[in-house]
1. Residue by residue through the range 67-99, note down the ones that are within 30 Å of residue 116 (Cβ to Cβ), out of contact with any strand residue (DSSP E or B) (no Cβ under 8 Å at 6 or more places or on another chain) and hydroxyl-bearing (Ser, Thr, Tyr).
2. Could you check the range 31-84 and list, in sequence order, the residues that are part of a loop (DSSP other than H, G, I, E, B), in contact (Cβ under 8 Å) with a residue 24 or more places away in the chain and within 16 Å of residue 14 (Cα to Cα)?
3. Is one or more of the residues making up the range 88-96 under 29 Å from residue 21 (Cβ atoms), in contact with a Ser or Thr (Cβ under 7 Å, 6 or more places away or on another chain) and outside any helix (DSSP H, G or I)?
4. Do we find a residue being under 22 Å from residue 124 (Cα atoms) and either at pLDDT 95 or above or within 15 Å of the chain's Cα centre (by Cα) (or both) anywhere in the range 84-104?
5. Quick test for you: out of 53, 39, pick the one residue that is farther than 30 Å from residue 115 by Cβ and hydrophobic (A, V, I, L, M, F, W, C).
6. Sort out which residues of the range 26-63 are surrounded by fewer than 18 Cβ atoms within 10 Å (Cβ to Cβ) and of a type in the set (Gly, Ala, Ser), and write them in order of number.
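The values are calculated or read from the model by the stated rules, or taken from the named source; none is laboratory data. Not measured: the values here are computed from a predicted model. All Cβ positions, glycine included, derive from the backbone under ideal geometry; neighbour counts span all protein chains shown.
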Amino acid sequence: MQLKNGYICDMNTLNYKGYIGSIEISEEDNCLFGKVLDLPNDTMISYEGNTILDLKKDFMGAVDDYIAYCEEMGIAPRKSYSGSLNIRISPETHSRIALLAKKAGMSINAFIKQALDKQVASML
């Protein structure tokens, strides 16, 4: 579901400005909490709230604060996913992809990107 300001929420995660956050429940503290996923080990962005709306607001605020901090410090903010993905496949599959990409007049990277884009679109 797409909401205002580029904010997206599905059943298990929050997404804002390219940052993906978890949604967790603390029964002990009777609150919701989460952290931005897939950041390097030296970077942690967390948030919490008593309601879903509070959690979303704190998540967005935490991301905005992190981006502002990075700008102030003159460093590049890190995102949950860079857009670069390394995968392991069999040599046979690699060879077949290379052959198909060549026949299509594409690089292997462009061929795989196109195949993934089609597959993801068909599943949404």
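1. Looking only at the range 67-99, we keep the residues that are within 30 Å of residue 116 (Cβ to Cβ), and these are 67, 70, 76-99.
Among the residues that remain, those that are also out of contact with any strand residue (DSSP E or B) (no Cβ under 8 Å at 6 or more places or on another chain) are: 67, 70, 76-78, 82-99.
Answer for the range 67-99, where residues must be within 30 Å of residue 116 (Cβ to Cβ), out of contact with any strand residue (DSSP E or B) (no Cβ under 8 Å at 6 or more places or on another chain) and hydroxyl-bearing (Ser, Thr, Tyr): 82, 84, 90, 93, 95.
2. Within the range 31-84, the first condition is being part of a loop (DSSP other than H, G, I, E, B), and the residues that meet it are 37-45, 50-51, 74-84.
Applying the additional criterion that residues be in contact (Cβ under 8 Å) with a residue 24 or more places away in the chain yields 37-40, 43, 45, 78-81.
Across the range 31-84, the qualifying residues are 37, 38, 39, 45, 79, 80, 81.
3. Of the range 88-96, the ones under 29 Å from residue 21 (Cβ atoms) are 88.
Next, from what is left, pick out any that are in contact with a Ser or Thr (Cβ under 7 Å, 6 or more places away or on another chain): none.
Looking for residues that are under 29 Å from residue 21 (Cβ atoms), in contact with a Ser or Thr (Cβ under 7 Å, 6 or more places away or on another chain) and outside any helix (DSSP H, G or I), one finds none in the range 88-96, hence no.
4. So far as the range 84-104 goes, yes, one or more of its residues are under 22 Å from residue 124 (Cα atoms) and either at pLDDT 95 or above or within 15 Å of the chain's Cα centre (by Cα) (or both).
5. Values: 39 fails: farther than 30 Å from residue 115 by Cβ.
Sole residue among the options that is farther than 30 Å from residue 115 by Cβ and hydrophobic (A, V, I, L, M, F, W, C): 53.
6. The answer is 26, 46, 49, 61.
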